[in-house]
Amino acid sequence: MKYTTLLLIIIFFTSFRPPETKVYICGSTGSKRYHFKETCRGLSSCRSETVKTSLKQAQGLGLTLCGWED
């Protein structure tokens, strides 16, 4: 019984992953910020398409949080 409970606990904790946070970035090459909302004021000046990506990937590209969303 103890081993079964322990096994279930291990399976639960190893399979649980929190969902990735998604952010929006401007698709142009000069973009410097990421945004949590697609309707953020900071994206209004984007001249190319808006791209949805993960927070980790946006930070990996060197992007920082938009000042309108602090």
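If the Cβ limit is 8 Å and pairs must be 6+ apart or interchain, which residue in the range 46-70 that is over 13 Å from Ser31 (Cα atoms) pairs with which residue that is of a type in the set (Lys, Arg) and assigned to a helix (DSSP H, G or I)?
Trp68/Arg41
Within the range 49-63, how many residues are surrounded by fewer than 13 Cβ atoms within 10 Å (Cβ to Cβ) and closer than 11 Å to His35 by Cβ?
Result for the range 49-63: 1.
How many residues does the range 22-37 hold that are β-branched (Val, Ile, Thr), over 10 Å from Thr50 (Cβ atoms) and touching a Cys at 6+ places or on another chain (Cβ under 9 Å)?
0
Could you please give the count of residues in the range 23-39 that are surrounded by 19 or more Cβ atoms within 10 Å (Cβ to Cβ) and under 11 Å from Glu69 (Cα atoms)?
Within the range 23-39, residues that are surrounded by 19 or more Cβ atoms within 10 Å (Cβ to Cβ) and under 11 Å from Glu69 (Cα atoms) number 3.
Each value in this text was obtained by applying a stated rule to the coordinates, not by laboratory testing. The structure displayed is predicted, hence computed values, not measured ones. As a convention, Cβ positions derive from the backbone with ideal geometry for all residues, glycine included, and neighbour counts pool all protein chains shown.
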